[in-house]
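The values are calculated or read from the model by the stated rules, or taken from the named source; none is laboratory data. These numbers were taken from a predicted model, which means no experiment stands behind them. Cβ atoms come from the backbone with ideal geometry, glycine included; neighbour counts cover every protein chain shown. Note: areas computed on protein heavy atoms with side chains; ligands, DNA, RNA excluded. Shrake-Rupley method; radii C 1.70, N 1.55, O 1.52, S 1.80 Å.
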Amino acid sequence: MSGKKTFTLLFIQLFILGVGGSIVGPLIPIISDSFEVSLDVVGSTLSLNAFGLLLASMFSGILSERFGKNKMLVTASILFSVSFLSLYLSNNFIYFTISYFIFGISWGIISLICNSLISDIFDSNRSSQIIRINIGYMLGAAFAPLIVSSILFFNVNWRYLFLFIALINTILFISMSFFKNKIYLEKKDKENFASLFSNSRKLLSNPVIIFCGIICFLHAGLGF
C-alpha cells in the first residue's frame with residue numbers, strides 16, 4: 001500500500017479514536033444517573049483509563065518489535081471495538097469500568113503504533129507528517145461533543161454511541177488487515193522480549209514514574 005493510502009487509513013483510525021476517547025466526558029452526568037453512582041465515583045473510576053494508557057506505553061513498543069507493528073495495530077483496533085461493544089452491553093458500573101480500562105490499553109497502543117508507522121513510512125518531512133496524522137485525533141475529539149449533543153437532542157439512547165463507534169471501527173480494522181508493511185525481526189528483538197518484564201519492573205519502581213502516574217490519574221478524572 002502506498003504511503004498516501006496508509007496515511008489516510010491511519011488518519012481515519014485516529015479520528016475514530018478521538019471520537020471514542022472524548023464522548024464519555026459529556027456523558028458523565030447521564031452515566032451517573034443510569035448506573036446510580038455519584039459523579040465523583042464516575043470521574044475517579046474513569047481515571048483508570050490513564051493506567052491503561054500507561055501499560056500500553058510500556059509494552060506496545062517491545063511487543064510491536066516482536067510481533068510486528070501491523071499485527072499490533074490490528075489487534076489493538078479489535079480490542080478497541082470489543083471494548084466499545086462491552087461498553088454498549090454493560091449492565092453495571094463495574095463492567096463499564098473494566099471495559100473502559102481495556103479501551104485505555106487499546107487507545108495507547110493505537111496512538112503509539114500509528115505515530116511509529118508514519119515515522120517509518122515517511123523519510124522526509126517526518127515531523128510534519130506526524131503532526132498531520134494527529135490532527136485526525138484532534139478533529140475526532142472536537143466532533144465528539146457535537147455527536148453526543150445530536151444523539152441526546154433526538155432522544156436516542158446514549159448507549160448506541162458506543163455501538164456505532166464499535167461498528168465503524170470494525171469496518172476499519174477489517175480494511176487494515178489487508179494492508180501489508182514489511183517489518184522484519186532480528187534476534188535482539190527476542191532478547192528484548194525476554195527482558196520485558198524485568199525492565200518494566202525497574203521502570204515502575206522509579207519514584208518519578210510513580211509520581212507521573214499519580215498526576216495522570218488525577219488529571220484524567222479532573223479533565224472529565
*Simple label model, 7 Å out from Cα along Cβ direction - residue 206 to residue 177, nm*: 3.7 nm
_For 36, 65, give me the order by solvent-accessible area with a 1.4 Å probe, most accessible first, ignoring ligands, DNA and RNA._
36, 65
*asked:* Solvent-accessible area of residue 132, probe 1.4 Å, all protein chains present, reported in Å² to the nearest ten, please.
replied: 110 Å²
*What does the accessible area of residue 89 come to, in Å² to the nearest 10, when a probe of 1.4 Å is used?*
100 Å²
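If R₀ is 22 angstrom, what is the calculated FRET efficiency for the pair residue 149 and residue 28, using the beta carbon separation as r and rounding to 0.05?
Details: r = 14 Å, r/R0 = 0.64.
Plugging the Cβ-Cβ distance into 1/(1 + (r/R0)^6) gives 0.95.
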